[in-house]
Amino acid sequence: MSVTEAYQQTANELCQQYQVGVTSGLTDAQVVAARQRYGANLLPVKPPAPAWRRFLRQFNNLLIYVLLVAAALALFLSEYLDMAVILAVVLVNGIIGFVQEGQAEKALSAIGALLCNRARVLRDGETRQLDASELVPGDIVILEAGDKVPADMRLLQVYNLQVQEAALTGESVALSKHSDVLTGVVALADRRNMVYSGTLVTQGRALALVVATGSDTELGRINQLLTKVQLLTTPLLQQMAQFARYLTLAVLSVAGLVFVLGYFRDYALSYLFMAVVSLVVAAIPEGLPTILTIALAIGVTRMARRNAIIRRLPAVETLGAVSVICSDKTGTLTLNEMMVTTVQLAAARLKVSGKGYQASGHIDGVDNAADRQTLDWLCRCALLCNDARLTQGATAEARQIQGDPMEAALLVLAQKHGLAQREQMQAYPRHDEIPFDAAHKYMATLHSDHQGHAYVFIKGAPEAVLAKCQGYYSANGAVALDSHYWQQQVNQIAAAGQRVLALAVKCLSHQQTLLNERDLQQGVLLLGLVGLIDPPRPEAISAIADCQQAGVRVKMITGDHAATAAAIASQLGLADAATVLSGYELDKLTDTELRQAVQHTAVFARTTPEHKLRLVSALQQQGEVVAMTGDGVNDAPALKRADVGIAMGQGGTEAARDASEMVLLDDNFATIASAVAAGRNVYDNLKKAIAFLLPVNGGESLAIVLALLFALTLPIMPLQILWVNMVSSIGLALALAFEPAESNLMRRPPRRVNEALVSRFVLWRIVLVSMLFTAGIFAVFNWAIAQQLSVEYARTMAVNTLVAMEVWYLFSVRYMQGPSLSWQGVKGTQAVLIAVAIVFGLQLAFTYLPLLQQLFHSQPLSFSHGLLCVAVAIGVFLILELEKWLSRRWRQA
């Protein structure tokens, strides 16, 4: 029988299967044989890629390959300076990408770290403290409160055991465990006679039999899922790769055509090769990889200020393309803090306001003195029949709990009613108790006051407490209990997704110091019911509304119960919140049926790691760009598969963080909406940078092609082209990365994944501006030659004209379709003004600094000739503004 079905076997059957005694454990010989068969209780860890391999990956780009070929041609022609500059450009790009890429994935090692270090084991009749890695199937392990479970185990003997499994199953509260056999197929979160590796014992003790270790555990299964998950290429990288292929094909085709035409025109091969190198260098936007990296890095910095840490650069832009956010419920959309929201008295249902464990809030709906007195005793029972403690954190809002989350929520309820824990414990000291046990499903405590009265307070599962109640407590005396009525109230509260507890009291006329179950056989009066829920984050409600307005759908994928998930989804305002699919129902759907169901379903409950992974894949197959949020180990495979994995920084596990691209430092879903806006802004600015760079390269290339075709002198040399591309162009294009977001950014739908990086409009603008730049370069160059000026002087004027046209085009491209002839457009942003000032200073150095004159063959220009260069640039700017005006008039017609 599979170890995953151990919950269906009795303790005796399992002990016989492993040939182990419950009181003696395995012998040393059995341990040696088991270790040879199963290996150590460890998870395999994939080593990270070495630094040298990550560095070489930066050069795996078609544009870089073309530049390397150009450098090789320059070497062949003994143009060592040209070769050195081209290689320097390539090296700078590689270093920037290597530095920004960050650390390699650590998800597998992080999951391995979840395994505990030590375990108490029975072997050869002795209790031993062993390293958890030494455990083997068949070992008998002793578990106590505070222990991290070291392997997957079947419980043999249980004493009030509760285990927190949120990181593995998504269940928001600790679960009570037992050792009874379960029949049929039972979901992982409902296997109450099993405990799993990496979970935490919060209460009680137990004796358990190890049935799976290492890779065979549930953690190991998730580990294997992670190794099989293929990382997807982001939409931007796909577009950039396609753009690079087309651009490379176009550049090489034109270069080959120019070489052939030049060869038949009897150009010298050395001159022809150098001209082709010039053409390649002019056509390739060397700065584009750098601009892309830096623009993404700027987005990373902006998001970090908003508590969103990006672990992989391309995720910045991918956020802007997200069309679906799949969110875990517990700790992501909710506070991961249980809270009483409903109190049911005999004739009144009271609503409780507040936020998690914070004491602020009220109990509303108490209309008469009788109900108020009943509520007094109910809150007193909630406070005194309780083993939890609340401690104040560093801030007024930060409160930490010790004990069960539901008991902590009951303490908060009492505080909202005005009862202080210390005062009540002094006024009603505890003498004895009946601890909670899964067998009887209630807890009872014995107290007395200082007037000689005694009280037994009881809380627990409604069916257990109601069975012991003979009446209902009233200020006017006990009244008969209507069991049917109270069961209806239990069902109604549970249907709203709340966990229901019943509270009762027995008043004794005399003091006693001992309590046993016989004391609860009569005289027990019901005080009322309380409904508890892990409440939604208030900011998540508005964030979901913002996402839906931006065309981004939000889906909840949780391991919790369907009713609870549906109730939270309704409070959050999720579209289609009423439709819930459970993990059991998902298993029945084919892949085709799932792809259809996932489009109109917003809530998925009782899901496993495989379900989450399958749901993310189904959405991606529908063409959606998916962001997945989560905090548990069970979320790690889906986080890794998603286009953008988003982990919680405070409440999340290390495994979830290392499987993700983004970490929310404040665990706030609202931060995601801000990150989506920032991602869209990055993409918009990147398109502006491309629309800026390509016309510059197009103008340079066209000038060289025309010079070769018409046997003209090259107006700009290869080194001068590199100067313009790497210094002026990049410096100006970088300013566009700081452009603020457009006003309609979050009111438009997500862009299509297959949207072309260069649209028809941008292509037309590239052609137009390239022609204007070429005309400007040739006009100034030929004018200078006509004035009997040297070729070097004419080329210096051509370079300065080109840079001046870039500066004025920068002001134009900031508003692709709107007018730039406005005060806002002319004054620019701080980044634009700084970039223009730096480029102006560098261009002065290029023209007048002797060292750069010698390196780039430039000559100092007269003031009037400098003004001529600027005048040509202003003319180009005015022509572009006229084109914009005509385009707007044509669209309005």
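Remarks
- Scanning segment 456-476 for residues that are touching a strand residue (DSSP E or B) at 6+ places or on another chain (Cβ under 9 Å) and surrounded by fewer than 19 Cβ atoms within 10 Å (Cβ to Cβ) yields 463, 464, 470, 471, 474.
- Residue check for residue 657: assigned to a helix (DSSP H, G or I), surrounded by fewer than 21 Cβ atoms within 10 Å (Cβ to Cβ) and assigned by TED's automatic domain parsing to the domain that holds residue 329: no
- Matching residues in segment 436-477 - criterion: being of a type in the set (Phe, Trp, Tyr) and assigned to a strand (DSSP E or B): 442, 455, 457, 472
- For segment 608-631, the tally of residues that are buried (at least 24 other Cβ atoms within 10 Å of the Cβ), touching a Pro at 6+ places or on another chain (Cβ under 9 Å) and at pLDDT below 90 stands at 3.
- Residue in segment 723-732 that is touching a Lys or Arg at 6+ places or on another chain (Cβ under 7 Å) and not aromatic (Phe, Trp, Tyr) present: no
- 2 or more residues under 24 Å from residue 405 (Cα atoms) and in contact with a strand residue (DSSP E or B) (Cβ under 7 Å, 6 or more places away or on another chain): qualifying strands (runs of 3 or more DSSP E) within segment 116-184: 140-144, 152-164
- Qualifying residue in segment 598-621 (condition: among the hydrophobic types (A, V, I, L, M, F, W, C), under 27 Å from residue 363 (Cβ atoms) and touching a Phe, Trp or Tyr at 6+ places or on another chain (Cβ under 7 Å)): no
- Among the residues of segment 440-454, the ones that are over 49 Å from the mean Cα position of the chain (by Cα), farther than 15 Å from residue 426 by Cβ and crowded, with 19+ Cβ neighbours inside 10 Å come to 1 in all.
- Qualifying residue in segment 225-239 (condition: of a type in the set (A, V, I, L, M), farther than 30 Å from residue 137 by Cα, in contact with a Pro (Cβ under 9 Å, 6 or more places away or on another chain) and at pLDDT below 75): yes
- Qualifying residue in segment 409-427 (condition: part of a strand (DSSP E or B), of a type in the set (Gly, Ala, Ser) and more than 19 Å from residue 353 (Cβ to Cβ)): no
- Pick from segment 513-541, criterion of a type in the set (Val, Ile, Thr) and outside any helix (DSSP H, G or I), ranking: farthest from residue 461 (Cα to Cα): 513
- Checklist (1) part of a helix (DSSP H, G or I); (2) under 45 Å from the mean Cα position of the chain (by Cα) applied to residue 821, failing item: (1)
- All positions within segment 136-157 that are under 21 Å from residue 13 (Cβ atoms) and either in contact with a Gly (Cβ under 7 Å, 6 or more places away or on another chain) or modelled with pLDDT under 90 (or both): 139, 140
- Count of segment 190-215 residues, restricted to those that are more than 25 Å from residue 408 (Cα to Cα) and either touching a Pro at 6+ places or on another chain (Cβ under 8 Å) or without any contact (Cβ under 8 Å) to a residue 40 or more places away in the chain (or both), is 6.
- Residue match in segment 327-338 (condition: polar (S, T, N, Q), in a strand (DSSP E or B) and either modelled with pLDDT under 80 or crowded, with 20+ Cβ neighbours inside 10 Å (or both)): yes
- Evaluating residue 196 against the criteria (1) surrounded by 22 or more Cβ atoms within 10 Å (Cβ to Cβ); (2) in contact with a Leu (Cβ under 7 Å, 6 or more places away or on another chain) leaves one unmet condition, (1).
- Looking only at residues of segment 418-440 that are over 23 Å from residue 508 (Cα atoms) and either of a type in the set (Asp, Glu) or touching a strand residue (DSSP E or B) at 6+ places or on another chain (Cβ under 6 Å) (or both), we find that the one that is modelled with the highest pLDDT is 437.
- Residues in segment 264-288 that are within 28 Å of residue 690 (Cβ to Cβ), assigned to a loop (DSSP other than H, G, I, E, B) and at pLDDT 70 or above: 284, 285.
- Single residue of 420, 444 found to be without any contact (Cβ under 8 Å) to a residue 40 or more places away in the chain and either of a type in the set (S, T, N, Q) or assigned by TED's automatic domain parsing to the domain that holds residue 508 (or both): 420
- Residue 646 in contact with a strand residue (DSSP E or B) (Cβ under 7 Å, 6 or more places away or on another chain), among the hydrophobic types (A, V, I, L, M, F, W, C) and part of a helix (DSSP H, G or I): no
- Looking across segment 138-153, the residues that are surrounded by 24 or more Cβ atoms within 10 Å (Cβ to Cβ) and touching a residue at least 60 places away in the same chain (Cβ under 8 Å) come down to 139, 140, 141, 143, 150, 151, 152.
- Within segment 533-569, tally of residues that are among the charged types (D, E, K, R) and modelled with pLDDT of 90 or more: 2
- Within segment 613-643, restricting attention to residues that are of a type in the set (S, T, N, Q) and not in a strand (DSSP E or B), the residue that is nearest to residue 668 (Cα to Cα) is 634.
- Residue within segment 169-177 that is in contact (Cβ under 8 Å) with a residue 40 or more places away in the chain, in contact with a Phe, Trp or Tyr (Cβ under 6 Å, 6 or more places away or on another chain) and crowded, with 24+ Cβ neighbours inside 10 Å present: no
- Among (1) surrounded by fewer than 17 Cβ atoms within 10 Å (Cβ to Cβ); (2) touching a helix residue (DSSP H, G or I) at 6+ places or on another chain (Cβ under 8 Å); (3) over 30 Å from residue 889 (Cα atoms) - the single one residue 839 does not satisfy: (1)
- Subset of segment 761-776 (residues that are under 37 Å from the mean Cα position of the chain (by Cα) and among the aromatic types (Phe, Trp, Tyr)): 761
- When 438, 480 are checked against the criterion of being touching a His at 6+ places or on another chain (Cβ under 8 Å) and either outside the structural domain of residue 192 (by TED's automatic domain parsing) or not aromatic (Phe, Trp, Tyr) (or both), a single residue qualifies: 438.
- Count - residues of segment 1-60 that are part of a loop (DSSP other than H, G, I, E, B), within 30 Å of residue 185 (Cβ to Cβ) and either of a type outside the set (A, V, I, L, M) or at pLDDT below 80 (or both): 9
The values are calculated or read from the model by the stated rules, or taken from the named source; none is laboratory data. Quantities reported herein were computed from a predicted structural model and do not represent experimental measurements. Note that each Cβ is placed from the backbone with ideal geometry, even for glycine, and that neighbours are counted across all protein chains shown.
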